[in-house]
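Below is one structure, written out as structure tokens; the observations come after it.
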Amino acid sequence: MVVLAALSTSGRQALKNARCIAGVFILLALCGCAGLAPQTATLRETLAPALHERFELTQVPFFPQSEYQCGPAALATALAASGVKVTPEELVPEVYLPERKGSLQIEMLAAARRHGMVSYQLAPRFGDLLREIAAGNPVIVLQNLGLRDGWHYAVAIGYDYDWGKLYLRSGESKRQVLPFVVHELVWMRSGYWAMVALPPDRVPATADESRWLSAVAALERAGDPRAARTAYETFLKRWPANVNAAVGLANTHHALGELREAETVLRNAARDNPESVIVLNNLAQTLSDQGRDSEALPVIERAAALGGPFSAAVEDTKRAIQQRLKKR
Amino acid sequence: MNVWAKTICRLLIALMVWMPFQIATAGMIGTDQVVASSPQADRTAVLNFLNRSDVAGKLQTLGLDPSTAKDRVGAMTDQEVQSLAGRIEAMPAGASDAGVLLLIILVAAAVWWFWQR
């Protein structure tokens, strides 16, 4: 806003020329500044033509940040956009570090999980940032605005490709407009760090199979088996052949006491992956937990015969099953 | 206190700190072990719990109370804890937006200058 005020004092024509200024940014990017903002300069080739558009997620809420607390504000913005009822004040004890007067990236990712969302760090590409916005996902970005230590979280909520402008919820401004070049200059200093926090029934537009699975497993680890179960189910719709996701789904069923469902998932996985020691071990354990140890024994023996890095865990399971059979 | 007593004390303290982080269903191989590039050997497990108590301790010195610090570390993956361990001070912590104006003004001034010529 100060910029606009400054420009208007220098002449009203400046405001009228705002569009041309955006054009100049593009021009600068294409000729002079290509080295300064390499990703902006190559966006025309790297971004799919269908995304050479204008998108704005106007329904994304806005929480103006209080002093130093852009972390909680940005996270609340992204979470609220995914339907979580949360305010920045509630997130302060989850991400804010008083002595650092700020929030760490890893804690931003971790805190989203505590609200049942899957948090995913995007690949460091400008094109991926725009793809997520176009898919309807607000993106938290880490910028460095100062000369040295001006780290700041903002939420990218829209862009206009033709004019090369990015729209953000940032600090105290509800709709900050940054030319692509300027955004890249402040964003590249964090190594193009960006994240999305999505409900477990969604998959990011730019999701990579193995990294998204790790993100879902992290949600499971954070202790939300219901949300994780939904996330694994969603994952398997997209990548049905992924045996690790099947193991994850079965584990969440198991954790929720849904042993029958866990068994079904593991049996299907074992049919498609007869050599998977993990699937066999967990299937045997699930059968044993249902009191069906005599069915479990041949399964765990097959797992033990295959060996591999999990053999110690398999031996433990086998011993437990044998002991339960002896007690009968 | 002799050396052995000290060592045992340290070990017990570390174990007490570690206990709440342990989540596993008996017999089931956990998904995080499967997803991790290499299965958790005992050594990695020990390293993980040392890292977790290290990070939790560090968060406390940065102004959190012990139970908040523990909860926050509990939401992190082993990999995340590993990348934080011993390096929290060097990590960027997003905080202010004071600098944005400075930078935008500089860039806008440059463009303005080009435009007027």
Exercise. Could you say whether any residue in the stretch A:127-134 is of a type outside the set (Gly, Ala, Ser) and within 11 Å of another protein chain (Cβ to nearest Cβ)?
Worked result: no
Exercise. Residues in the stretch A:154-169 that are touching a residue at least 40 places away in the same chain (Cβ under 8 Å) and either among the small types (Gly, Ala, Ser) or more than 11 Å from A:Thr77 (Cα to Cα) (or both): how many?
Worked result: 10
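Considering only strands (runs of 3 or more DSSP E) fully contained in the stretch A:142-207, which possess at least 3 residues that are in the same structural domain as A:Leu109 (by TED's automatic domain parsing) and among the small types (Gly, Ala, Ser)? Give the steps one after another, and end with the answer.
Working: elements: A:151-160, A:165-170, A:173-179, A:194-198.
Once the strands (runs of 3 or more DSSP E) in the stretch A:142-207 are filtered for at least 3 residues that are in the same structural domain as A:Leu109 (by TED's automatic domain parsing) and among the small types (Gly, Ala, Ser), what remains is A:151-160.
What about A:Ala50, is it in the same structural domain as A:Asn144 (by TED's automatic domain parsing), among the small types (Gly, Ala, Ser) and in contact (Cβ under 8 Å) with a residue 40 or more places away in the chain?
no
Identify, from the list A:Ala270, A:Ala255, A:Ala305, A:Ala215, the residue that is in contact with a Pro (Cβ under 7 Å, 6 or more places away or on another chain) and either farther than 28 Å from A:Val203 by Cα or aliphatic (A, V, I, L, M) (or both). So that I can check it myself, show each step before the final result.
Details: A:Ala270 fails: in contact with a Pro (Cβ under 7 Å, 6 or more places away or on another chain); A:Ala305 fails: in contact with a Pro (Cβ under 7 Å, 6 or more places away or on another chain); A:Ala215 fails: in contact with a Pro (Cβ under 7 Å, 6 or more places away or on another chain).
Exactly one residue qualifies, and that residue is A:Ala255.
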For this session: Output the residues belonging to the stretch A:186-243 that are more than 10 Å from every other protein chain (Cβ to nearest Cβ), closer than 20 Å to A:Ile133 by Cβ and over 11 Å from the mean Cα position of the chain (by Cα).
Result: A:Trp187, A:Met188, A:Tyr192, A:Asp201
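Taking the criterion of being outside any helix (DSSP H, G or I), over 23 Å from A:Ala245 (Cβ atoms) and modelled with pLDDT under 95, would at least one residue in the stretch A:300-318 satisfy it? Outline the logic, then answer.
So the first thing to find is which residues in the stretch A:300-318 are outside any helix (DSSP H, G or I), and the list is A:307-310.
Filter once more, keeping what is over 23 Å from A:Ala245 (Cβ atoms): A:307.
With modelled with pLDDT under 95 added as a condition, the list becomes A:307.
Yes - at least one qualifying residue is present in the stretch A:300-318.
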Problem set entry | Conditions (1) under 19 Å from the mean Cα position of the chain (by Cα); (2) within 16 Å of B:Leu84 (Cβ to Cβ); (3) not hydrophobic (A, V, I, L, M, F, W, C): number failed by A:Pro124 | (2)
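Which of the following residues is outside any helix (DSSP H, G or I), surrounded by 19 or more Cβ atoms within 10 Å (Cβ to Cβ), at pLDDT below 95 and not acidic (Asp, Glu): A:Ser119, A:Ser66, A:Ser103? If you could, list the steps in order and put the result at the bottom.
Values: A:Ser119 fails: at pLDDT below 95; A:Ser66 fails: surrounded by 19 or more Cβ atoms within 10 Å (Cβ to Cβ).
Among A:Ser119, A:Ser66, A:Ser103, only A:Ser103 is outside any helix (DSSP H, G or I), surrounded by 19 or more Cβ atoms within 10 Å (Cβ to Cβ), at pLDDT below 95 and not acidic (Asp, Glu).
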Exercise. In this structure, is A:Ala246 within 11 Å of chain B (Cβ to nearest Cβ), in a helix (DSSP H, G or I) and without any contact (Cβ under 8 Å) to a residue 24 or more places away in the chain?
Worked result: no
Seminar exercise, completed: Taking the stretch B:58-70 and keeping residues part of a helix (DSSP H, G or I) and buried (at least 18 other Cβ atoms within 10 Å of the Cβ) leaves B:Lys58, B:Leu59, B:Ala69, B:Lys70
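Where residues in the stretch A:69-87 are part of a loop (DSSP other than H, G, I, E, B) and touching a strand residue (DSSP E or B) at 6+ places or on another chain (Cβ under 8 Å), which of them is nearest to the other protein chains (Cβ to nearest Cβ)? Steps first, answer last, please.
First, the residues of the stretch A:69-87 that are part of a loop (DSSP other than H, G, I, E, B): A:69, A:82-87.
Applying the additional criterion that residues be touching a strand residue (DSSP E or B) at 6+ places or on another chain (Cβ under 8 Å) yields A:69, A:82.
Details: A:Gln69: 8, A:Ser82: 17 Å.
Out of the qualifying residues, it is A:Gln69.
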Problem set entry | Selection count, the stretch A:170-213, where residues are farther than 26 Å from A:Tyr159 by Cα and either acidic (Asp, Glu) or crowded, with 22+ Cβ neighbours inside 10 Å (or both) | 2
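The values are calculated or read from the model by the stated rules, or taken from the named source; none is laboratory data. Quantities reported herein were computed from a predicted structural model and do not represent experimental measurements. Here the Cβ is made from the backbone with ideal geometry for all residues, glycine too, and neighbour counts use every protein chain on show.
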